[in-house]
1. Exactly one of (1) among the polar types (S, T, N, Q); (2) under 30 Å from residue 124 (Cα atoms); (3) surrounded by 14 or more Cβ atoms within 10 Å (Cβ to Cβ) is unmet by residue 63. Its number?
2. Within segment 70-81, identify whether any single residue is in contact with an Asp or Glu (Cβ under 6 Å, 6 or more places away or on another chain) and hydroxyl-bearing (Ser, Thr, Tyr), and answer yes or no.
3. Go through segment 53-74 residue by residue and tally those that are assigned to a loop (DSSP other than H, G, I, E, B), more than 15 Å from residue 115 (Cα to Cα) and either among the hydroxyl-bearing types (Ser, Thr, Tyr) or in contact (Cβ under 8 Å) with a residue 12 or more places away in the chain (or both).
Amino acid sequence: MKKFILIATILVNAVIFAQTGPKIEFKDKDNTIDYGKVNKEDDNGIRVFEFTNTGDAPLIITNVQSSCGCTVPSKPTEPIAPGKTGKIEVKYNMNTGPIRKTITVETNAVNAEEGRVVLKIKGEVVVKPVENLLEKKIKSPMMQ
């Protein structure tokens, strides 16, 4: 019986201690930002992932890395205090075609496996259609 109580006490303490520390919670559903269908000429490619430190210790973002050079992330330079929010800015270079990129965020968060969180961006970049004014003039109702 003493062994059971000792083991139970150790397990309860392990669970309690595992719950303390910085925790990161992102605002976006599934940690994904959807650009949707955007015109290359009308969009600067910048999006922001907002997060909150829901833990009880300062959250430190140690590294933010993209899956390719076409996506440039930037991270906060200062620790995020408990209850405060932070931002990770991502700039996509707006190459025409589908967007499917990942950003790996390395932190000291206890609620992320090995402190890593994967963010995703998706969407499609299209070229803005060129309006042909001559064609528009020919199709005008007054010409019929």
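1. (3)
2. So far as segment 70-81 goes, yes, one or more of its residues are in contact with an Asp or Glu (Cβ under 6 Å, 6 or more places away or on another chain) and hydroxyl-bearing (Ser, Thr, Tyr).
3. The qualifying residues number 4.
Per-residue answers, yes or no, for (1) modelled with pLDDT of 95 or more; (2) charged (D, E, K, R); (3) out of contact with any helix residue (DSSP H, G or I) (no Cβ under 6 Å at 6 or more places or on another chain):
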site: 40; (1), (2), (3): no, yes, yes
site: 46; (1), (2), (3): yes, no, yes
site: 51; (1), (2), (3): yes, no, yes
site: 57; (1), (2), (3): yes, no, yes
site: 62; (1), (2), (3): yes, no, yes
site: 82; (1), (2), (3): yes, no, yes
site: 94; (1), (2), (3): no, no, yes
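The values are calculated or read from the model by the stated rules, or taken from the named source; none is laboratory data. Computed from a predicted model, the values in this text were never measured in an experiment. As a convention, Cβ positions derive from the backbone with ideal geometry for all residues, glycine included, and neighbour counts pool all protein chains shown.
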